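Below: the structure, in structure tokens.
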Amino acid sequence: MPMSNHRDVNENPCNMCMPMGGILAFKGIEGCMVMLHGSQGCATYMRRHMAEHFNEPIDVASSSLNEKGTIYGGEKNLKQGLDNLITGYQPGVIGVLTTCLAETIGEDIERIAKEYRAERELKDLAIITVSSPGYGGTHFEGYWATLQGIVSQLARETVKHQRINVIVPHLSPADLREIKRIMQLLGVEYTLLPDFSETLDRPYQRPYQRMPQGGTKIADIKDMPGAKATIQMGITVADNISPGKYLESKFGVPLYNLPIPMGVENTDRFINLLVELTGNPVPDELLKERGRLLDCMIDSHKHNAQGRSVIFGEPENVYAVVKTCLENGIKPVVVGTGSKNQEFVNLLKELLQISPEPCLITTDSDFTILRQNSVARQANIAIGHSDGRYLTEREGIPLVRHGFPIHDRTGGQRLLSVGYLGTTMFLDRVTNTLLENKYKHYRQLIYNKFYQGESKQTSNPKESCGEVHEVHLFKH
Ligand code: SF4
């Protein structure tokens, strides 16, 4: 139900802009170099965010549109930029993304890229173009639109084979390595798209190489239409930006849309599907990891039952975290994403039916509304990226860093949260944060209660922006 005192302003939004997601997706393709068609500042902002999160050098080229290019068109800048990029990097494939400026002046990058390839006689070098105005969506939509662009511009009719396409949302490189390990243990032949498990988390090596090793091979992407099935971890992804949907409707590849394998039930779903598709049994190693996760849940449930969480970030990740919290007795009281995503709202409403607490779901959200409502609903733990640190600094709600970007801590690229093993590690992080907060505050609370007669004051949520959905579902 929309709140009445609507604000037409977004303060400190809980997302990044569309081309940022596009860069992330392209970074998971082997030999890929990205060109942003727009002003230099866009590339600088995105490189800086990514470099701080992944602790890696992040190269992103820019066509450096200036006043002249803005008025007369930026075709010359883009072509010259592509010449320099090819000379400097010798890429295997180039991804071109637009920005606000390029889209506003109406640049047709598809035509320019086509002409450029013909003029330079680049028969073997693919240039994948994706329209990604900063105002066209969040980095979540940019990420998926780019994956859809990669598949639709590279995939072609091919002979059938036994591999399974596994299309993943924006997870950490450590998560991607875990998904690959699970599939290797199950003896699955797969094509993982994208695969930035190495490119955005490289082992130290000398001499330094400008183009990192790893990434999904172009030949494998071309062969995706011949796969036995596609597993896409993207239940909140709209059909028009879904690469799995494209492969299904254009080439008839059966699509299984699953949530991120985080928590017992969602990891079971992923593993059971792999067993069903391959006929291979679940190895002991995974069964033991599942047993350890159940043990961890039993050990920590008494602490987690006190958790009242505010969860924010990209829709797919938020859904997985909400589900994991509910499995462990942590009550989500505020849930938000910067994306405008009705499917996210519908799925969460269904999921939160089992919650003993009413929960506020916000889309197109910012940190003002998240902060106000977290206080009003007495949240005692936040789970999301670093931009939510103000919840801690201003309201004393501790933040478990999860998702992207994590730029005020080190190791964002190594955070493991998927599979039985990753969920166990995630739960430990959450439980320990709740415990630390409890030990930090309970003496003060007891003192206030018994000696000063005070109780914690909570403020009312004031104005809100974006779409807000109140969910009061559980009735005693
Ligand atoms: S919002 Fe637009 S101008 Fe700002 S960084 Fe993103 S693409 Fe560039």
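The values are calculated or read from the model by the stated rules, or taken from the named source; none is laboratory data. Quick caveat, the model's predicted, so the values are computed rather than measured. FYI the Cβ positions are ideal-geometry reconstructions off the backbone, even for glycines, and counts take in every protein chain you see. We work out accessible area using only protein heavy atoms, side chains counted, and drop any ligands, DNA or RNA first. Shrake-Rupley method; radii C 1.70, N 1.55, O 1.52, S 1.80 Å.
Taking all protein chains as shown and a probe of 1.4 angstrom, PHE344 keeps an accessible surface of around 0 Å². Classification of the range 1-116 by its C-alpha gyration tensor yields an oblate form. The axis ratio a/c (a ≥ b ≥ c) is 1.5 or more, and b/c is at least a/b.
Along the axis of the charge dipole computed for the chain (Cβ charges of +1 for Lys and Arg, -1 for Asp and Glu, origin at the Cα centre), the listed residues LEU176, PRO405, ALA382 are led at the positive end by ALA382.
Using a probe of 1.4 Å on the protein chains alone, the accessible area found for ARG290 is around 70 Å². A simple rule links phi to the HN-Hα coupling: the Karplus curve 6.51 cos²θ - 1.76 cosθ + 1.60 with θ = phi - 60°, which for the range 369-376 gives 5, 5, 5, 4, 6, 5, 5, 4 Hz, with x for Gly and Pro. The tail of the calculated P(r) for the range 164-278 beyond 25 Å holds 23 percent of all Cα-Cα pairs.
Solvent-accessible surface of the range 18-137, taken per residue with a 1.4 Å probe and all protein chains present: 43 Å².
If you build the Cα gyration tensor of the range 255-297 and take the root of 5 times each eigenvalue, what three semi-axes come out, in whole angstrom, biggest first?
Numbers: eigenvalues 75, 42, 5 Å².
So the three semi-axes of the range 255-297 are 19, 15, 5 Å.
At a threshold of 8 angstrom on Cα-Cα distance, excluding pairs fewer than six apart, so keeping six or more, what relative contact order does the chain reach in percent? Kindly include the intermediate steps, with their values, before the conclusion.
Details: 960 pairs, mean separation 89.8, N = 476.
It comes to 19 percent, rounded to a whole number.
Starting from the Cα of LYS438, move 7 Å in the Cα-to-Cβ direction to define the label point; list residues of the range 259-299 whose amide nitrogen is under 13 Å from there. Once the point is set 7 Å along Cα→Cβ of LYS438, 299 turn out to lie under 13 Å by backbone N, inside the range 259-299. Helix 342-351 versus the longest principal axis of the chain: what angle, 0 to 90°, nearest 10, using Cα atoms? Tilt of helix 342-351: around 40 degrees.
Projecting the Cα atoms of PHE270, GLN40, CYS359 onto the dipole axis of the chain, where Lys and Arg carry +1 and Asp and Glu carry -1 at the beta carbon, places CYS359 farthest toward the positive end. On a per residue basis, the range 235-328 carries 40 Å² of accessible surface, using protein heavy atoms and a 1.4 Å probe. Cross-link pairs exceeding 21 Å in C-alpha to C-alpha distance, out of LYS123/LYS228; LYS160/LYS222; LYS250/LYS349, comprise LYS123/LYS228; LYS250/LYS349. Put a plus charge on the Cβ of each Lys and Arg, a minus charge on the Cβ of each Asp and Glu, and nothing anywhere else: the dipole of the chain about its Cα centre is then about 860 debye.
Label separation (GLN342 vs THR158): 3.6 nm, computed from points 7 Å beyond Cα along the C-beta direction. Over the chain, with every protein chain in place, what whole percent of the accessible area is carbon and sulfur at 1.4 Å, could you tell me? Percent of accessible area from carbon and sulfur atoms in the chain: 50.
May I ask for the equivalent-ellipsoid semi-axes of the range 284-471, computed as the square root of five times each C-alpha gyration tensor eigenvalue and listed largest first in whole Å? Working shown, then result.
Details: eigenvalues 125, 98, 51 Å².
The answer is 25, 22, 16 Å, longest axis first.
Adding -39500 (n - 2.57) for every DSSP H run of four residues or longer, then dividing by how many residues the chain holds, sets the calculated 222 nm ellipticity at -13500 deg cm²/dmol. A quarter of the convex hull surface defined by the alpha-carbon atoms of the chain gives 24.8 nm² as the mean projection.
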